[in-house]
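The values are calculated or read from the model by the stated rules, or taken from the named source; none is laboratory data. It should be emphasised that the depicted structure is a prediction, and the values quoted were computed from it without experimental measurement. Cβ sites come from the backbone with ideal geometry, for glycine too, and all protein chains shown count toward neighbours.
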Amino acid sequence: MHTCIYTGVLFTPDQQSTPHSSATRPSPHEQTLALATHHDEIIDAIRRSERAVFTEHQLGALLPPHPDLSLVPVRRAVTFLRRSGVVKAIELRSAEDRMVTRYAREGATPFNVALSLVENGYLSHETALYLNRIVEAPSRTIYVNQEQSAKPMSRMPLTQPAIDRAFRAPQRKSKREFTYREHRMVVLNGKQTGGLGTGELVGDQGERLPATLLARTLVDVVVRPDYAGGPVQILEAYRRATQRISVDDVVSVLQRLDYVYPYHQSVGFYLEQVGVPRERLKPLEALGLSFDFYLGYGMADPTYDPRWRVFVPRGLVTGLPIPRP
């Protein structure tokens, strides 16, 4: 873990400054005096915030509701806080080469920076595997999920040709990427779940972070395997999680997510490969084995597991037959 200071709507400075007429706005000296008068109260509000990294708008919302502060433009307040050392400006570069500014309080981490890119987001996939202590080393890529608005379920029946077309192509990937120092931060637009299977996990600096918990994480990495390093890394993650896996919890997550594709077949394959007894896997079998499925996207020359009816990368496990033409 690298030590450094801790797409939703990104705010621009002009949007955050409160408009006032020159007749009612205090002078710059009076504004600075008001900020200095309430300095300790402002610092306390920032320290008590659940955030560690802020937009300009979010910092402005933390100003105490005193009459002399209500007429201070947010931009001036942020400048005062920066000069006072309360927060530090940091910059992220988007994939479109656009600079995004955030303000970090002392002790903020790259995880906090990634979370500041969205409203009500949570860490997921490979990042959540690390925070759940399933993988030993953090990746320089941080995944943060922002749920989409609810969408109607497809009424089209699932067919084998549709599955084949979808999974023989490469996995579609988010283009909402940002660079902060040595970190790559990827914003995912996940399915609307109401935060299913999420909670708070503890980071390396003791920070409490919203993230997917173990059962949800083990499902998410199967659904989007490239965000966890692919099937080889996912199999190893399942192996490391063996003693902590609750099959009932994983099945519950799958049922509540209600995906069109039969991801439970991939989950069943992984669990059986890491030694979970067949008896415990019956709830997954009960979800159906009606289609051939795929452990990953765009696999070249895969092998086939007839029990779970999944195509898997050649060499992932031994003893599997070559797939039917």
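If I ask for residues that are under 28 Å from Asp40 (Cα atoms), assigned to a strand (DSSP E or B) and not polar (S, T, N, Q), which ones from the stretch 101-132 would you list?
Within the stretch 101-132, Arg102, Tyr103, Ala104, Arg105 meet the criteria.
For Met99, all conditions in the list (1) among the hydrophobic types (A, V, I, L, M, F, W, C); (2) exposed (fewer than 13 other Cβ atoms within 10 Å of the Cβ); (3) over 23 Å from Phe293 (Cβ atoms); (4) in the same structural domain as Asp249 (by TED's automatic domain parsing) hold save one; what is the number of the exception?
(4)
When the stretch 205-236 is examined, which residues are found to be more than 17 Å from Asn145 (Cβ to Cβ), surrounded by fewer than 21 Cβ atoms within 10 Å (Cβ to Cβ) and among the aliphatic types (A, V, I, L, M)?
Those that are more than 17 Å from Asn145 (Cβ to Cβ), surrounded by fewer than 21 Cβ atoms within 10 Å (Cβ to Cβ) and among the aliphatic types (A, V, I, L, M): Val232, Leu235.
With respect to Val274, determine if the residue is at pLDDT below 95 and of a type in the set (A, V, I, L, M, F, W, C).
So Val274 fails the test.
Given the structure, is Val144 in contact with a helix residue (DSSP H, G or I) (Cβ under 6 Å, 6 or more places away or on another chain) and either polar (S, T, N, Q) or not assigned by TED's automatic domain parsing to the domain that holds Met185 (or both)?
Taking the combined requirement at face value, the residue does not satisfy it.
List every residue pair whose Cβ atoms sit under 8 Å apart, with the two residues 6 or more apart in sequence or on different chains, where the first one lies in the stretch 272-300 and is assigned by TED's automatic domain parsing to the domain that holds Asp226 and the second, anywhere, is acidic (Asp, Glu) and surrounded by 16 or more Cβ atoms within 10 Å (Cβ to Cβ).
Sorted first by the residue in the stretch 272-300, then by its partner, the pairs are Arg278/Glu272; Leu281/Glu272; Gly296/Asp226; Tyr297/Asp226.
Please verify whether Val260 is out of contact with any Asp or Glu (no Cβ under 9 Å at 6 or more places or on another chain), of a type outside the set (Asp, Glu), outside any helix (DSSP H, G or I) and farther than 26 Å from Gly315 by Cβ, treating the condition exactly as stated.
Numbers: out of contact with any Asp or Glu (no Cβ under 9 Å at 6 or more places or on another chain): yes; of a type outside the set (Asp, Glu): yes; outside any helix (DSSP H, G or I): yes; farther than 26 Å from Gly315 by Cβ: yes.
So Val260 passes the test.
Based on this model, can you work out whether Arg184 counts as more than 11 Å from the chain's Cα centre (by Cα), modelled with pLDDT of 95 or more and among the basic types (Lys, Arg)?
Taking the combined requirement at face value, the residue satisfies it.
Run down Thr127, Thr159 and say which single residue is buried (at least 17 other Cβ atoms within 10 Å of the Cβ), among the polar types (S, T, N, Q) and not assigned by TED's automatic domain parsing to the domain that holds Arg51. Break it down stepwise before answering.
Details: Thr159 fails: buried (at least 17 other Cβ atoms within 10 Å of the Cβ).
Within the list Thr127, Thr159, the selection yields Thr127.
Based on this model, can you work out whether Val135 counts as surrounded by 15 or more Cβ atoms within 10 Å (Cβ to Cβ) and part of a strand (DSSP E or B)?
no
Within the stretch 161-168, does at least one residue satisfy the condition of being over 14 Å from the mean Cα position of the chain (by Cα), part of a helix (DSSP H, G or I) and among the basic types (Lys, Arg)? Let's see the steps before the verdict.
Quick first cut of the stretch 161-168, residues over 14 Å from the mean Cα position of the chain (by Cα) only: 161-168.
If we keep only those that are part of a helix (DSSP H, G or I) too, we end up with 161-168.
Now narrow it down to the ones that are among the basic types (Lys, Arg): 165, 168.
Yes.
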